[in-house]
Amino acid sequence: MQNENLDVDAFRGEVRRFLADHLTPEFRKAGSMGFGIDRKTGAEWHRLLYERGWVAPEWPVEYGGTGWSALQKHIFAEECALAGTPMLMPFGLGMVGPVLYTFGSKAQKEQHLPGILDGSVWWCQGYSEPGSGSDLASLKTSAVRDGEDYVVNGQKIWTTNAHKADWIFALVRTDAASKPQQGISFLLIDMHSPGIEVKPIVSIDGLHHLNEVYFTDVRVPISHRIGEENHGWTYAKFLLGHERTGIAGVAGSKRAVQALRDISVSETALATDSAFQQRLAATEVKLAALEHTEARILAALQAGNNPGEASSTLKILGTEIQQALQTLRIEAVQHYALPFELTQIRGESNEPPPGPDYAVSAVADYNFGRAASIYGGSNEIQRNVIAKAVLGL
Ligand SMILES: Cc1cc2nc3c(=O)[nH]c(=O)nc-3n(C[C@H](O)[C@H](O)[C@H](O)COP(=O)(O)OP(=O)(O)OC[C@H]3O[C@@H](n4cnc5c(N)ncnc54)[C@H](O)[C@@H]3O)c2cc1C
């Protein structure tokens, strides 16, 4: 469907029909689990979108993208968010996928892109290490050449869904003598390789998304390196630009605004609480501004540009809005925010929750939501990026 001939209503209707036909209550429930979604359900939803040809709107058509205009992508993301679709894991589609089709060899593209597209292969991101988060270039996990392989030793941390992933894309040090940014390489590592150990970290929402990943003499074929040795920082930064654009979460925040409006109807006291309504409206105005900024950046992406430093702006504003909406939700559900029932939060309970459904995960979402201004590079670091690269300070 071409932009100039786009019948917006027809396209929106097509998306809505697809969602009405396929988004079962099970998928809706999985939609509230975020990163905590079980792999089977996540892969089923992914597969449905793949079969419809809609799984990778941001990818070039030659690699399986939709060829949609920025407006179509926007409509699709908005309808999915408003309907509460399950989260598609970003590590393949949104992160290593673009690195692969931009910098990968023919063999790497052929090996990895099909499994990312159809959702049969899950990825995780091995960037952060204990002591190397904001100062990522100080990372110490080493890769030393031995014949046709690298031998990898070290530790990654905060690795989301490493326990569900088949592959990890990891930054490793291949030259300890040069400047930190210059001695890093970008490796694709099979998570089933001997010498990899994954240990869980249960986060404040009571769910297990995070992990530590240990590498002990893990052999990785040199052919699994992206691009040139010691040039990994270039590919890593390219990927972070894509990651930060994705974190803005405009469509998800629109859904949260809608949910708060719905709660205002059922909790009539809220409808007349002018302080609450003013704060909700103010957040909605910021969200509208963010939406326009995102549209500009997505249009630049469509023209073949890397989002670059502008994605830092999206990341800061997007996560601030998400956190403001989570705070308003706690206020809206009032005393029903108090029970913290893990079985309810994980969707494992047969008992009805003590309050309305929308109150069940309010505190868990609020607590875990604090992480949004940390992951993908903390918001303080994004401000530093903007100061240097955008404002030239
Ligand atoms: C839920 C979650 C999921 C994550 N998933 C992944 C993943 O899948 N893969 C992965 O590789 N990583 C992941 N991370 C790690 C994330 O990228 C890091 O936590 C983040 O980059 C911050 O690093 P750090 O935790 O080491 O904090 P630190 O770098 O130690 O920072 C601590 C505090 O100091 C501030 N600070 C540090 N340096 C400066 C500075 N120069 N100027 C101003 N302030 C500064 C920071 O903003 C922060 O507030 C995840 C993190 C979380 C919380």
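The values are calculated or read from the model by the stated rules, or taken from the named source; none is laboratory data. Predicted model only: the values in this text are computed from it and were never measured. Every residue, glycine among them, receives a Cβ derived from its backbone with ideal geometry; neighbour counts consider all protein chains shown. Surface areas here come from the heavy atoms of the whole protein model, side chains and all, with no ligands, DNA or RNA. Shrake-Rupley method; radii C 1.70, N 1.55, O 1.52, S 1.80 Å.
For Cα pairs less than 8 Å apart in space and 6+ apart in sequence, what is the mean separation divided by the residue count of the chain, i.e. the relative contact order in percent? Here the relative contact order equals 14 percent. Take residue 338: with every protein chain present and a 1.4 Å probe, its accessible area is about 140 Å².
Relative to the longest principal axis of the Cα atoms of the chain, the long axis of helix 8-22 makes an angle of roughly 80 degrees.
Tell me whether the range 252-345 comes out rounded, prolate or oblate; compute the Cα gyration tensor, take square roots of the eigenvalues as a ≥ b ≥ c, and use a/c under 1.5 as the rounded threshold. In terms of gyration-tensor shape, prolate. Highest GNM mean-square fluctuation among 292, 163, 46, for the chain modelled with Cα contacts below 10 Å: 292.
When the Cα gyration tensor is reduced to axis lengths a ≥ b ≥ c, the ratio a/c is 1.5 or higher for the range 40-98, and with a/b not above b/c it is classed as oblate. The accessible area of residue 390, taken with all protein chains in place and a 1.4 Å probe, comes to roughly 90 Å². Here the accessible area of the chain is 54 percent carbon and sulfur, with a 1.4 angstrom probe and all protein chains present.
Answer rounded, prolate or oblate for the chain, using the Cα gyration tensor with square roots of eigenvalues a ≥ b ≥ c: rounded when a/c is under 1.5, else prolate when a/b is larger than b/c, else oblate. Prolate, since a/c reaches 1.5 and a/b exceeds b/c. Over the range 252-393, what is the relative contact order in percent, taking alpha-carbon pairs closer than 8 angstrom and at least six residues apart? 26 percent. Between the Cα long axis of helix 310-333 and the first principal axis of the chain there is an angle of about 40°, rounded to the nearest 10. Around the Cα centre of the chain, unit charges on the Cβ atoms of Lys, Arg, Asp and Glu (plus for the first two, minus for the last two) sum to a dipole of about 580 debye. Taking a sphere under 15 Å around the Cβ of residue 298 and counting the other residues whose Cβ falls inside, with K and R at +1 and D and E at -1, yields a net charge of -1. Among 111, 344, 302, which one moves the most in a GNM of the chain with springs linking Cα atoms closer than 10 Å? Top of the fluctuation ranking is 111.
Solvent-accessible area per residue in the chain equals 47 Å², computed with a 1.4 angstrom probe and all protein chains kept.
Between the helical axis of 232-247 and the longest alpha-carbon principal axis of the chain there is an angle of about 10 degrees.
Considering only DSSP beta bridges with both partners in the chain, what is the antiparallel share in %, to the nearest 5? For the chain, the DSSP antiparallel bridge percentage is about 85. By the scheme Lys and Arg +1, Asp and Glu -1, what is the net charge of all other residues having a beta-carbon under 12 Å from that of residue 263? For residues surrounding residue 263, the net value is -3.
Within the shell of other residues whose beta carbon sits under 12 angstrom from the beta carbon of residue 166, the net charge comes to +1, with Lys and Arg scored +1 and Asp and Glu -1.
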